[in-house]
Amino acid sequence: TPQLFIDTDPGVDDALAILMAHAHADVLGLSIAAGNVGLEHTVRNARTLVDLVGASTPIFAGSPSPLVRLPEENAAFVHGRDGLGDVGFPEPESEVANEHAALALLRLTRERPGEITLVALAPLTNLALALKLDPTLPQRVKRLVIMGGAVTGHGNTGRVPAEFNLGFDPEAAHIVFEGFPDFDLVDWELTLRHAFDEADFDQWLATGDRRAAFFGRVSQVARETNRERGRRGVIAADALAMAVAIDPTVVKRSERHHVGIELDGRLTRGATVVDWGNRLKLPARANVVLELDRAKFGAMARRALGAE
Ligand code: BDR
Ligand code: CA
């Protein structure tokens, strides 16, 4: 069973990813970032999710803002103002640990060197902080899987070529992309190519499991927004990255490349620059995932929703 430490900003697709993680892996901790919505909401949403799965997963709050520049936008228009579809859940019971997310990551990887798969589903602020505190962190991590980047298209932010997680805190992304010698990259366009069929997904939601009922409620706003934007299917970026973290054999095709993060561009700040032809002769640290096994991915999501 994989041992996961998940950095996340829940978030509707984060929620599905967290349900998948608890159905298929040992979750050693959730470290919480600001991103989709503010940290006060993402922390509360993580508590709601831990209540839902009935686990005692520790929750560590991280940085309330990006490293350098304040964000220009959040993703409340997709995830709801509270980040979970504005359903209005009661105050959760799960508590927040008294340790910063970055410090918890460093401690846990010291306690279990080489055992932990790190899953990054949010802006990379907390991971960058941890790396700056201790640049030897990557030596103790088994794998790093990052949801982020616009590799084969234009991404999903106000800046045309940037994806949300990397565009929200480009400096943090740069630090992580330079500091980790090896990571899997699940980008936005991979997400669009691997959306769930709406009718299939609605069947999985109709099974009566409380996780399915929960996800059905929190995902309404996001599904409507995506339909309005002409996107097809149920889009679940973070769940895709989680599938890769849980079972590497879900990857059908990937290519290793150098991926840089644009920090200065007038129009392109936050963009992912993939050196497809190795012209820069820089280390190819990113394993860019290009195709996934849909059947395996679907089966993992179904189990997470109690639909099998
Ligand atoms: C990423 O941004 C967030 O809105 C999602 O939760 C996902 O992590 C997709 O670009
Ligand atoms: Ca996310």
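Bear in mind these aren't lab numbers, they're just calculated from the coordinates by the rules spelled out. Predicted, not measured: the structure shown is a model, and the values here were computed from it. All Cβ positions, glycine included, derive from the backbone under ideal geometry; neighbour counts span all protein chains shown.
A cut-off under 13 angstrom between Cβ atoms defines the neighbours of M242, and their net charge, with Lys, Arg +1 and Asp, Glu -1, is -3.
Over all orientations, the chain has a Cα convex hull whose mean projected area works out to 14.3 square nanometres. Among L108, L49, L144, the residue with the largest mean-square fluctuation in a Gaussian network model of the chain, with springs joining Cα atoms closer than 10 Å, is L108. Taking every alpha-carbon pair within the range 206-308, the share separated by more than 22 Å comes to 52 percent.
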